[in-house]
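Visitor: Structure provided below as structure tokens; questions to follow.
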Amino acid sequence: MSQPLPHPMYPTANHDEQARQDFVAAFRAHLASQLVPGNRVAYERRALPRFVREHGREPADFHEVRAAMRGDSYYQFWSALQRRSQELMWESVIDTAERELPQLIDTAQTLAQRAAQSGGAGGSLRLDPTLVVPRYHTAVDIHLQPGGYHTDFAPDDVAAGAIYDMGLGIYLQGAAGPANEAMGLLLLSFLRERLPEFRPTRILDMGCGIGNSTLPWVTAFPEAEVHAIDVAAPLLRYGHARAEALGARVHFSQQNAERTDFEAGSFDLVVSHIMMHETSRSALPRIIAECRRLLRPGGRMLHLEIPRGSTPFQQFMYNWEVWNNNETFAVNMTGLDLAALAVDAGFDPTQVEAADHVQRRSREQRLYADETLWKVLFARR
Ligand SMILES: C[S@@+](CC[C@H](N)C(=O)[O-])C[C@H]1O[C@@H](n2cnc3c(N)ncnc32)[C@H](O)[C@@H]1O
């Protein structure tokens, strides 16, 4: 696994913590490369033939694959280990974040003060203590991260940000790169393939989290004014300090992407990276409509989403996260017509594209299937 990019906000694990984090990373790589493939064998050799015997046909969708697989002992064995690996992942990084928390809060405040006094990279942070965090984040601890993204456990907390930064590297087996920036780079490469001449001057990243996917946009378009929003205050505090520490000028604000306070027609590029699957069935159309409102004519909307699989078996494997990892809404993304979502929000159908974008991953870095196709929703206002 690649080493994380060192910066003043990245917690430094002590010897024992590092050993535990390395163990969890190796454990997850082992599950991905050695045990995940056995689920297909269990399906093809046992669950599928049994289903066909009983129904006279193959499962029609991933729900039926799930019904056929749930009782399979190999699947249960892998599933229990996979769930435990997720819990261990958080446990292993939380120790480091908690031990360093006072220092991290202090560093974040110093970097924020410097930015506010027009020093540093020139970015900003605007928090809104009155913002109501949507129920799709408060109802459960998303992907088992204790307290989810939004919970402040201490005044001026940055823990959720530090935990996400460390956890993402382990979760993706380093596939997101040393600065966890791969998803931003991936979407940027998509835009460059389609529109090599496009030079946005005002960019918005929705659901920016700690700004890990935002920063490639700053590097790619140094003249642009880059804004980044999220509902989670501890992520934004951490993200702002992280961006300042890395010399990236980003204006972070705590806002709900369903309705922001930015002026209509004030951006020429609105992007998001793996946000859509963590919203809700009713929020998602509102978010796409908000993108349309925010774009000036000719502006572009660009959303990156995780693969959902194309066969019922692959879809069943990807939806493991829904049933076992508190990714509750993500189930609605399976088979969702992204292009229709944009058209329903008012985009011209001839200006909308829902595409697959390939990322190569090693055997250890893949999640639940060999497939490496990310989903991209691309539209012109
Ligand atoms: C999986 S994280 C992705 C973070 C980051 N974009 C990345 O590439 O790693 C999804 C983020 O979307 C944010 N989010 C979800 N719903 C949102 C909404 N309605 N408005 C703003 N942010 C939202 C969450 O708080 C979380 O930080």
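We did not get these values from a lab; they are worked out from the coordinates using the rules stated. Model, not experiment: these values are computed from the prediction. Here the Cβ is made from the backbone with ideal geometry for all residues, glycine too, and neighbour counts use every protein chain on show.
Visitor: Helices (runs of 4 or more DSSP H) wholly in the range 128-230 with at least 1 residues that are touching a strand residue (DSSP E or B) at 6+ places or on another chain (Cβ under 8 Å) - which ones?
Guide: 182-194, 215-220
Visitor: Same structure, new question: Looking at (1) in contact with a Leu (Cβ under 7 Å, 6 or more places away or on another chain); (2) of a type outside the set (S, T, N, Q); (3) near the ligand (Cβ under 10 Å from one of its atoms), which is the only condition E278 fails?
Guide: Unmet condition: (1).
Visitor: Now, a different point. Evaluate the range 253-268: report whether one residue or more is within 16 Å of the ligand (Cβ to nearest atom) and either under 30 Å from M69 (Cα atoms) or surrounded by fewer than 17 Cβ atoms within 10 Å (Cβ to Cβ) (or both). Step through it out loud before you land on a result.
Guide: Within the range 253-268, the first condition is being within 16 Å of the ligand (Cβ to nearest atom), and the residues that meet it are 253-262, 267.
Next cut, either under 30 Å from M69 (Cα atoms) or surrounded by fewer than 17 Cβ atoms within 10 Å (Cβ to Cβ) (or both) only: 259, 261.
Yes, there is a match, as at least one residue in the range 253-268 is within 16 Å of the ligand (Cβ to nearest atom) and either under 30 Å from M69 (Cα atoms) or surrounded by fewer than 17 Cβ atoms within 10 Å (Cβ to Cβ) (or both).
Visitor: Of all residues in the range 200-216, how many are under 16 Å from F378 (Cα atoms) and either more than 9 Å from the ligand (Cβ to nearest atom) or of a type in the set (S, T, Y) (or both)?
Guide: 3
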